[in-house]
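The values are calculated or read from the model by the stated rules, or taken from the named source; none is laboratory data. For clarity, every value in this text was computed on a predicted model and none was experimentally measured. Cβ sites come from the backbone with ideal geometry, for glycine too, and all protein chains shown count toward neighbours. We work out accessible area using only protein heavy atoms, side chains counted, and drop any ligands, DNA or RNA first. Shrake-Rupley method; radii C 1.70, N 1.55, O 1.52, S 1.80 Å.
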Amino acid sequence: MGIIYKTEGELDLIHEANVIVQEVLDGLQERVGPGVTTGELDAWAEQHIRSRGGVPAFLNYKGYPSTLCTALNDVIVHGIPDQRPLEDGDIVGLDCGVFYKGYVGDAARTYAVGEISEEAAELMRVTREGLWLGCQAMRSDCRLGDVGWAIQSYVELHGFSIVRQFVGHGVGMSLHEDPQVPNFGKRGKGLRLRPGLVLAIEPMVNVGSREVRTDADGWTARTRDGRLSAHFEFSVAVTAGEPRILGLSAERAAEVLSFSPDSDLELPRAATA
Ligand code: MF3
Ligand code: CO
């Protein structure tokens, strides 16, 4: 296969696809709540994507049946929307992909349903911030290992585990391109990042062990120990300057890129060699 480096013009179009993805993820934030089903969320997402002239990217991908992947509580990724009402205290990962004008965007967030436990809130915060630190390593003076290392070291510092069985991926012309993007790694190792590289970075973080088991449906991936898992994802481009978080407004991208953990623990910093 090989890595497909994108031009500035192509990045603009991949951004447009991701704008639709972010509209869906923002709209879902308004709609998630006790009593709502993931099937209803899925139907709304599909309708919104089509109303914008896009096509759901996961639907029919290797036989996948829905627009969204919905990951409830101990589900890590690839849960299938259904008619079970969400309950107060649940957390649910919602992952969305969109084809638009021949390009594709991919992103995910984990959402709180009503009032959630402190443990669940901490898991979600650390996973989201780990993704942000990975995004900050998407620079032409870094390597792929710096991205995984930033995420892994931050997550493990907080006592959570990184799932190894699933990884991020190149994205843009098709949903899954080279290279694979582990959410763990060694500083200063691996592929040298170059302008035009676009990656879907998607840490999956467990409260307990990192082990996975898959349901009989062949899709739903759960924690082996039944404890909670969270998942956040952005499509991110390397440029000659700052990383470009595709689909975000300048303000929200600035929030991601300026994030700094407020602890006196040793912070993950990408190698600049
Ligand atoms: N963001 C996920 C991924 O990149 C979603 C894919 S779901 C699938 O793997 F159904 F399309 F496989
Ligand atoms: Co993805």
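What net charge do the residues around Ile201 carry, taking every other residue with its C-beta under 11 Å from that of Ile201, with Lys and Arg at +1 and Asp and Glu at -1?
Numbers: positive: none; negative: Asp106, Glu202, Glu233.
Every neighbour counted, the sum reads -3.
For the range 63-146, just say rounded, prolate or oblate: build the C-alpha gyration tensor, square-root its eigenvalues into a ≥ b ≥ c, call rounded for a/c under 1.5, and beyond that prolate if a/b exceeds b/c, oblate if not.
oblate
If you roll a 1.4 Å probe over the chain with all protein chains in place, what percent of the accessible area is carbon or sulfur? Walk me through the intermediate numbers first.
Working: 5550 of 11270 Å².
Percent of accessible area from carbon and sulfur atoms in the chain: 49.
Once you keep just the Cα pairs under 8 angstrom separated by 6 or more residues, what percentage relative contact order results for the range 8-258?
Details: 645 pairs, mean separation 54.8, N = 251.
Relative contact order of the range 8-258: 22 percent.
What share of all Cα pairs of the range 102-185, in percent, falls into each consecutive 10 Å distance bin?
Final binned percentages: 16, 44, 31, 9, 0.
Among all the lysines, which ones have a C-alpha under 30 Å from Lys186's C-alpha, if same-chain residues fewer than 8 places away are not counted?
Here the lysines satisfying the reach criterion relative to Lys186 are Lys6.
Which Rg and Dmax, in Å, describe the Cα atoms of the range 205-245?
Rg and Dmax of the range 205-245, Cα atoms, are 15.6, 46 Å.
Give the shape of the range 102-142 as rounded, prolate or oblate, defined through the alpha-carbon gyration tensor: a ≥ b ≥ c are the square roots of its eigenvalues, a/c under 1.5 means rounded, and otherwise the shape is prolate if a/b is larger than b/c and oblate if not.
oblate
Under unit Cβ charges (Lys, Arg +1; Asp, Glu -1), what dipole magnitude, rounded to 20 debye, does the range 8-258 have relative to its Cα centre?
Magnitude of the dipole: close to 920 debye.
Over all directions, how big on average is the projection of the convex hull of the alpha-carbon atoms in the range 1-107, in square nanometres? Display every interim value, and only then the final one.
Values: hull surface 30.0 nm².
About 7.5 nm², averaged over all directions.
When all C-alpha to C-alpha distances in the range 18-69 are sorted into bins of 5 Å, what percent of pairs does each bin hold, rounded to whole numbers?
5, 21, 31, 25, 14, 5, 0
Mind putting together the pair-distance distribution for the range 102-245? All Cα pairs, 5 Å bins, whole percent per bin, short to long.
Values per bin, smallest distances first: 2, 11, 19, 23, 19, 14, 8, 4, 1, 0.
Would you work out which of Gly159, Cys142, Ser235 lies farthest towards the positive end of the dipole of the range 8-258? Charges go on Cβ: Lys and Arg +1, Asp and Glu -1.
Cys142
Under 23 Å Cα to Cα from Lys62, which lysines show up? Leave out anything in the same chain fewer than 8 places away.
In chain and number order, the partners are Lys101.
Keeping every protein chain present and rolling a 1.4 Å probe, give me the accessible area per residue for the chain in Å².
On a per-residue basis, the chain sits at 41 Å².
Translational diffusion coefficient, Stokes-Einstein: compute it for the chain using the Kirkwood radius over C-alpha pairs as Rh, at 20 °C and 1.002 mPa s, and state it as an integer in µm² s⁻¹.
Diffusion coefficient, whole number: 117 µm²/s.
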